[in-house]
Each structure stands twice: as C-alpha cells, then as structure tokens.
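To start, the structure under review is shown below, and the notes come after it.
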Amino acid sequence: MATEFVARGQDLELVGIHKEFPGFTAIENLDLKIPAGEFFALLGPSGCGKTTTLRIVAGLEEATRGKVLIGGKDVTASKPHERPVNTVFQSYALFPHMSVLENVAFGLRQRKVSDPLAKATEALQLVELEHLALRKPQQLSGGQQQRVALARALVNRPALLLLDEPLGALDLKLRRQMQVELKAIQMEVGLTFLHVTHDQEEAMDMADTVAVMNKGEIEQMGAPEALYDRPKTAFVARFLGQSNIFVGDVVEENDHSISISCNGQRIAAPKKRSEKHSGKVALGVRPEKATFHADKPDLDSNHNLVGPGEIIDIRFTGVSNQYLIDVPGFGDITVFAQNVGKSPVVELGAHVWVSWKVEHAFGLSDLPLKADNDEA
Amino acid sequence: MKFSLGKWLLPTYVTLAFIFTMIPIGYTFVFSFNKVEKSNIAWKEFTFDNWLNMCDQPVVCEAFGNSLAIAVISTLISTALGTAIAIALGRYKFKGRSATNLLLFLPMATPEVVMGAGLAAQFLNVGISKGFWTIVVAHVMFTLSFVVVTVKARVATLDPRLEEAGRDLYANASSVFWRITFPLLLPGIMAAAMLSFALSFDDFIITQFNSGPETTFPKFVYTAAARGIPPEANVIGSLVFIVAIAIVMIVQVRASLKAKKLRA
C-alpha cells in the first residue's frame, strides 16, 4: 500500500455520488469538481447531506453509487487510511490518552515518516501551540484544541484537507479570528481545502468557491460574490444572505428585461439576470439594495417601486438598521439602511415607498415554498 | 432534658456496623499470629512463626497456588473473550445481537448451585475427568458475563469519532485497535479483570461441583473449618486482604494525583 503523498493539493472529483441510508436518501446524484489548491466550501443547513459528502470523500462512509477521484485517481474502493486525505472533525476528536505532540505525530508515525516528533513540533509552531506540546488535550481550551486538530491534519500534508464545521464550537470572536488564520494557512501550504459549514458568512469569507447544498443536492455553485449577487433558486436567495422575493405572472418581455405583475404593480428584472422568462416567476432583490422614501418618488423605468407600506419593525444591528415594511399585496419587505448618519428619520408606523434599481433585481428558476415565505 | 437522637444514634449505628463487618477480618488477622498446637480456635500465644513458615502445612500453599493459577488463567481467557464480545455488542449491529445481550445476563441470574451442577453433568456426559482445567472452564463460564458487562459500559462512553480519526490518520484496523481503542478501554478492561480474578479466586460452589480431586483455597478452608482452620490459612487470607487493599489504595492515590495534575 504505497500511497503517494504530495506537498501540494490535488483536485477532487465526485461523479454521480448517491447515498441511501435506511429510510432516506442523503445525497442525490452529486457531481462536483474541486480544482487543486482551492478553498472550497460546502454550505447548507443541517441534514442537507454536506457532512455525509465529506465522510464519503474521507472514506468513513461508503457511497451507494458513484465515484470519488483524488488527483485523477479512483479511490472509491480505498480504505480511509489509504486515502491522501485528512479530516478536522467537528468535535476535534483528539486522542485523550496522548499528549498534544503525540496527537499531531500520530499520522506521521502510522506512515513511518522519519523524525515524526520534529515535524509535529513544526506543525505546532504553525498554529502557535508549541509551548503546550506536552499537555493533554483536555487541558486545552476549545480554540486551542481546534488548532491541535488542524495541526494534526496539516502535518501530513494531505492532497485534500477536509474540515467538518471546525469552527462551530468556538465563540464568535474566536471564530472570525480562526477564519482569517485558516485562510492564511491554506494559502501558505497550498493544499486543497474542502470546508463544510452551515455558516454562510464563514463560507463567503473564506472560500474561493461555495456550493450551496439542499436536500442532498447542490443548488448552486460559484464564487461567493457571484452567488450572492445572483442567486438562482429561492433556497440560495434566502440561505445565503436575505432576499425579498416577489411572485407574479410575466406580463412583458423585451430584449433587456422581463416584468411581472404583482398585485397590479409591475416589477422588472434584467433578462440576463433571470432564469425564467415566462409564466409564473419569482423576482428578488437584496435588502441592502432597496431604499425607502417618505413620499412617492418620481422614478424612471430603471427603478422598481412598490408602496405605500407601513414600517412594522425597526432593528438596530450596529452597522445598519433593518426595517420591516408591510406593503399590502406584497407581504413584508426588508430594507437595510447603513448607519452613516444620514439615514431617513422614520418611526414605527410611518408610511413609506420602497424602490430599487432594476439592474439589482434577479429572477429565480423556482418559486419560493410557502413555508420559506412565512419564515422570511 | 433534651436527648438529641441524631447526634448519638447515627454515629453509634455506623460504629457498630463497622465493627460487625470487621470482626471476621480482624479475627482472621489476629489469629494468624496465634501459636497453635491442636486447633486455632482459642488464643494461646503471640508468634510470627505462621507468617514466616506459611507453607509448613503443604496443603495450604498448594491449594493457594492452585487457586492463584486458576484465577489468573481464567481471568486472562474471560477478559480477552469478554472484551471482544463487549466491543462487538457496543460497536456493531449484527443478527442475534439483542439475543446475545439477554443471554449474557443468564449466568449472572442463575443460582451458582444450578450452574455448577449443570456443568458438572456435562463433563460427566462427555467423559472428561474433573480437575484443574475443568475448574478453569467453569470459571471462564461464569466470569465472562461480568467482564462483558463491565467493558461494555466503557465501550459506550468511547466516542466512535476517535477511531474514525485514527482511520483518517493512516492507521489500519489493527493499529486503530491497539493505539486508540485498547488504551481507551484499558481502565474498563482492568476493572473487569480484577473483578473476574476476585470472583474466580474465592468461588466455592461452582468449583466444588467441577473440581474432582483438585484442591483450591476456598475448598481447603471449607474442609479445614470443621476441625479449626490452620493458622497458615489465616496468614494467606490476611495477605490477600492486605494486597487487595494496597492495590485499591495505589489506584486511588494515582487517580487523585492525576486529577490534581489535570487541574493545574
């Protein structure tokens, strides 16, 4: 069993992965390709199959159908210890009966790498924990354990590093700090990272590419900016950030835009930013792209305008105020206004008009579920 | 005058209970220093002779040696088998798992007399003459359940992700077992082994049915008790007691030192 270990990351390819558990399907025909050296995030709610996908890549779970290729080599039938892959587990899974140093050296010893302790010490230096090398894992804080888990995986220089919600147990401040460090380490070592998370901010912050997963399938994949700017499904629009979504029949279609009629008012979106051009269509806009006006403004056709509506909730979140505006026939519309000292002075119960540029709107390929609508 | 019941009753009760439990042990210990001519029932004179020449009565030491050998061998076998069964029951789903779980309780629930007699009948059926090895077989049979139950409790607290982490870090099945599973189960396995040893060492009923001419320490003491136990038996009894207490104390001290170190 001569597994070749590489200093640099390799690409990962999943072909038609399907996973059935007794009673339910966890993953539905998943295809995925992650280029070598990329930081790739698999984002989705709990139970969407993202952790199962990770475990299939690690070899800890067997796919019902489909193939796993690492660096072009089919490893579907390989045992976990034969794969050039290491995992940072959600609960860290540090060995409680070994010192921190022995934990980190474990993989090296198994592969009979020469001088495992020196290399393990180096890895601990990378995560700035060499002074705690002789402690037991239980004597460390959560953040320190997390770093040990990372060092234990990184020291092996795997072709692919799998991270299963590794920051989930840390408090917000530490989590943001570790995000920065993780990203820096990834760039430094040049490994391929597959990061599984349900935290959309974490995914957007660190990943080169984000795949949004729902109910065992990838709904949309792309760079974080592209995904945020133009979500293609109602699920992505709502899971990755917030969205206002309007549903109506298409009443006009020209070369540049489509318009739907929603409660007698027309809402338009650019044609090239819309997935569907006829029938019942859902159009959306991000809350920070919308603004509200105390009086009905006079706007050109490059803007959408709805109203008047009543402000039913104002939430102060520090950098911005979140306004919830109930517009009859449209439901609740969320508007973010940045706190730059000149936001319009409005009070709860005030009547306002909401507008946004047509170019900021996006058209979805599906319609939001009723349940999603109520939640939003 | 007010008589405070709680102030006197509880301490008195506890003291009496302690004295009551300690009497046989105290008697055994004190009479191991008795100078004996005919029988060891009445106190004569203090002497170290019994301790210095505890093998003067050859039967005593032979019986003790037999008991020790049987306990060690049956403990090794039942601990190895029981640990394997406990891991299988705790980790894997297989056909007949719940039946196995249930059957394991039977030896603990069955009266020893019934088990001993039942096994003796089987040896008779098959035509095996009773002796050292039939005792070993009998002891493995009844200690196995206790080992499984003890180790299984430890398996239940073992996070399966630790073994997964081992597999992920290039350890094959046997390395995962010896470097991760086994060390983490070790406290449970040791407890099971000690329990098994203690059960085997002082078993009388099942041994009586399956020993044939072979003498064990409990068997010897039982027979000797009719004519007054020789003081050498008291010496061995006291020795076993002291060793057991010493082991418990060492384990406790080590555990508390470790806990102190962890807190620091």
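The values are calculated or read from the model by the stated rules, or taken from the named source; none is laboratory data. All values derive from a computational prediction rather than experimental measurement. Reconstructed Cβ throughout: ideal geometry from the backbone, glycine too, with neighbour counts over all protein chains shown.
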_Per-region count, the range A:147-181, residues acidic (Asp, Glu) and within 14 Å of chain B (Cβ to nearest Cβ)_ = 2
*Of all residues in the range B:36-48 being of a type in the set (S, T, N, Q) and over 29 Å from the mean Cα position of the chain (by Cα), which is surrounded by the fewest Cβ atoms within 10 Å (Cβ to Cβ)?*
B:Ser39
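Is it true that some residue in the range A:4-16 is under 23 Å from B:Pro160 (Cβ atoms) and either at pLDDT 90 or above or part of a loop (DSSP other than H, G, I, E, B) (or both)? First the steps, then the outcome.
Our first condition is that a residue be under 23 Å from B:Pro160 (Cβ atoms); within the range A:4-16, this holds for none.
No, that holds for no residue.
Return yes or no: is A:Gly59 surrounded by 14 or more Cβ atoms within 10 Å (Cβ to Cβ) and at pLDDT 90 or above? Before the answer, list the steps.
Working: surrounded by 14 or more Cβ atoms within 10 Å (Cβ to Cβ): yes; at pLDDT 90 or above: yes.
So A:Gly59 passes the test.
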*Just for the range A:101-146: of the residues that are β-branched (Val, Ile, Thr) and within 14 Å of chain B (Cβ to nearest Cβ), which one is surrounded by the fewest Cβ atoms within 10 Å (Cβ to Cβ)?*
A:Val113
*If you go through the range A:156-208 one residue at a time, how many are within 20 Å of A:Ala223 (Cβ to Cβ) and either not hydrophobic (A, V, I, L, M, F, W, C) or not assigned by TED's automatic domain parsing to the domain that holds A:Gln144 (or both)?*
14
_Positions within the range A:158-176 being surrounded by 21 or more Cβ atoms within 10 Å (Cβ to Cβ) and of a type outside the set (A, V, I, L, M, F, W, C), in sequence order_ = A:Pro158, A:Asp164, A:Pro166
*asked:* When you check B:Ile189 against the structure, is it surrounded by 16 or more Cβ atoms within 10 Å (Cβ to Cβ), free of Cβ contacts under 8 Å to residues at least 60 places away in the same chain and on the phi < 0 side of the Ramachandran plot, yes or no?
replied: no
*Tell me, please, whether a residue that is under 30 Å from A:Lys79 (Cα atoms), over 23 Å from the mean Cα position of the chain (by Cα) and in a loop (DSSP other than H, G, I, E, B) can be found in the range B:171-191.*
yes
*asked:* Kindly evaluate B:Thr216 against the criterion of being away from chain A (no Cβ under 14 Å), crowded, with 20+ Cβ neighbours inside 10 Å and either touching a His at 6+ places or on another chain (Cβ under 6 Å) or within 30 Å of B:Glu45 (Cα to Cα) (or both).
replied: yes
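Please state which one of B:Phe18, B:Phe33, B:Phe3 is surrounded by 10 or more Cβ atoms within 10 Å (Cβ to Cβ) and either over 27 Å from the mean Cα position of the chain (by Cα) or at pLDDT below 90 (or both).
On the way: B:Phe18 fails: either over 27 Å from the mean Cα position of the chain (by Cα) or at pLDDT below 90 (or both); B:Phe3 fails: surrounded by 10 or more Cβ atoms within 10 Å (Cβ to Cβ).
That would be B:Phe33, the only listed residue that is surrounded by 10 or more Cβ atoms within 10 Å (Cβ to Cβ) and either over 27 Å from the mean Cα position of the chain (by Cα) or at pLDDT below 90 (or both).
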*Only one of these conditions is not met by B:Arg161: (1) within 14 Å of another protein chain (Cβ to nearest Cβ); (2) within 23 Å of B:Phe197 (Cβ to Cβ); (3) without any contact (Cβ under 8 Å) to a residue 12 or more places away in the chain. Which number is it?*
(2)
_I'm checking my understanding of the structure. Among residues of the range A:221-246 that are part of a strand (DSSP E or B) and out of contact with any Leu (no Cβ under 6 Å at 6 or more places or on another chain), which one is nearest to A:Leu364 (Cα to Cα)?_
A:Ile245
*Looking at (1) within 31 Å of the chain's Cα centre (by Cα); (2) free of Cβ contacts under 8 Å to residues at least 12 places away in the same chain; (3) at positive phi, find the lone condition where A:Glu128 falls short.*
(2)
